[in-house]
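To keep things clear, I will list the structure first and then write my remarks on it.
The values are calculated or read from the model by the stated rules, or taken from the named source; none is laboratory data. Quick caveat: nothing in here was measured; it's all calculated off a predicted structure. Backbone-built Cβ (ideal geometry, glycine too); neighbour counts: all protein chains shown. Note: accessible area is taken over every heavy atom of the protein model, side chains too, but ligands, DNA and RNA are not part of it. Shrake-Rupley method; radii C 1.70, N 1.55, O 1.52, S 1.80 Å.
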Amino acid sequence: MWKPSRVLRPPHRQQAAASLERNSAGMAAVASAAGWLFRLRAAGAQGHWRRLCGAGLARGFLHPAATGEDAAQRRQVAHFTFQPDPEPREYGQTQKMNLFQSITSALDNSLAKDPTAVIFGEDVAFGGVFRCTVGLRDKYGKDRVFNTPLCEQGIVGFGIGIAVTGATAIAEIQFADYIFPAFDQIVNEAAKYRYRSGDLFNCGSLTIRSPWGCVGHGALYHSQSPEAFFAHCPGIKVVIPRSPFQAKGLLLSCIEDKNPCIFFEPKILYRAAVEQVPVEPYNIPLSQAEVIQEGSDVTLVAWGTQVHVIREVASMAKEKLGVSCEIIDLRTIIPWDVDTVCKSVIKTGRLLISHEAPLTGGFASEISSTIQEECFLNLEAPISRVCGYDTPFPHIFEPFYIPDKWKCYDALRKMINY
């Protein structure tokens, strides 16, 4: 399948194409919205038109207010504030790293420790589009860090073959949005390999890395969160970190795990998240959620970037409502830590789950139904899900789409007042 924004090389041309794609998408959205407004006015809907003009909506569509430096500055404004964890002391010397550097450190540790480990994917030889593999080809050679064709199905199929031989395969899908051509290889091959042979052979040493989630301007094909698609597939593990420290420990655990793993990396955190990370390898257990903050009134559950959103919500609830929130980072989507969430909800009686993916069929639905079954008599209010809308991920409307702290806070307030 031809993908215009990805076939141009070298990198500066790829960036130019990405910019063109973003501009084209933005112009199309503006043209569509402007046409709708003109039709509305022509139809004589003066009351609606005046309300829209009064709100500044029409003016915003027809006369974009921000250009140049203003637009660039506005685009960099995130919907969350990254909150680093305390510096870990139990793993030896630490170094300040952002999230992509912690990923590089984990991959470096794996290649140094395991002579069978190989890294492959689109553009990984020169460091990847997010620089997560920078310097590794020079250090370990072109036979261990190498590029692949633009074919996600081929990348994962190749990884399965390497893993079946007993080697450690670390595949990169350049964006989670482009993982779907590999869906059959992941769901029908990787996840089932062990089962179809009665464990005579398996591809458990396969790890698939991929940038994931919203980024501020990614639009339709660079902002999706597809974890729920894979949560319905027994035989694989799905992991999403919230910080550089978590990313390195969880990625190393995925690489060493004896099951195929998908490791989604919140790309908005690649440079925004900075904290002290151990230089030496360490592991964070999979399928164990972490209680980041203890509380007594409401349980807040999220993963990835959204953890930092609900941290702000917890602070707002404490300050404005006097409400004590317990915050849980799920970390592993499948198999997820049911016990930790149930234990918390039994204590608080209320549960709010938030993720960027669309509401319908999102993984919040699975958590909600499980807690409803296990903790029904302990609930003081209906479980609340604050998620993305059931629409394709927008471009200029991304700030309205994402489940920001104000949407989460409003849902929490309604639960308290129920």
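Can you work out the base-10 log of I(q)/I(0) for the stretch 290-417 at q = 0.15, 0.18, 0.19 1/Å, using the Debye formula on its C-alpha atoms alone? Each listed q corresponds, in turn, to -0.63, -0.91, -1.02.
Backbone amide hydrogens, once placed in the peptide plane, bring THR299 within less than 5 Å of GLU326, ARG350, LEU351, LEU352, excluding anything fewer than 5 places away on its chain. Between LYS414 and TYR389, the C-beta separation translates, for a Förster distance of 25 Å, into a calculated FRET efficiency of about 0.85.
Restriction of the trypsin sites (Lys or Arg not before Pro) in the stretch 188-267 to DSSP coil positions whose beta-carbon has at most 13 other beta-carbons within 10 angstrom yields LYS258. Projecting label points 7 angstrom from Cα along Cα→Cβ for ASP114 and GLU319 puts them 4.4 nm apart.
Among the protein heavy atoms of the stretch 94-278, carbon and sulfur supply 55% of the accessible surface, probe 1.4 Å, non-protein parts ignored. Extension gain, ASP199 to GLU374, is 59.7 nm, computed as 0.36 nm per intervening residue step minus the present C-alpha separation. By accessible area, using a 1.4 Å probe on protein heavy atoms only, the stretch 290-417 has 52% of its surface on carbon and sulfur.
Report the full-extension gain for the segment ASN188 to THR81: residue separation times 0.36 nm, less the Cα-Cα distance, to one decimal in nm. Extra length available between ASN188 and THR81 comes to 34.6 nm. Database remark: amide H of ILE262 closer than 5 angstrom to the amide H of ILE208, LYS237, VAL238, VAL239 (H placed geometrically; neighbours at sequence offset of 5 or more, or on other chains; Pro and chain starts carry no H).
With only Cα atoms counted, the stretch 94-278 has Rg and Dmax values of 15.2, 46 Å. Dipole size of the stretch 94-278 about its Cα centre, with +1 on Lys/Arg Cβ and -1 on Asp/Glu Cβ: approximately 340 debye, rounded to the nearest 20. Accessible area per residue for the stretch 94-278, computed on protein heavy atoms with a 1.4 Å probe, is 34 Å². Once backbone amide H atoms are built at 1.01 Å from N, VAL386 has ILE353, SER354, HIS355 as its partners under 5 Å, excluding neighbours fewer than 5 places away on the same chain. By a 1.4 Å probe calculation restricted to protein chains, HIS217 has an accessible surface near 50 Å², given to the nearest 10.
Counting only protein heavy atoms and a 1.4 Å probe, the stretch 290-417 has 41 square angstrom of accessible area per residue.
For the stretch 211-337, DSSP calls about 35 percent of its internal beta bridges antiparallel. Each label was represented as a point 7 Å from its Cα along the Cα-to-Cβ direction; for GLN293 and ASP143 these points are 5.2 nm apart.
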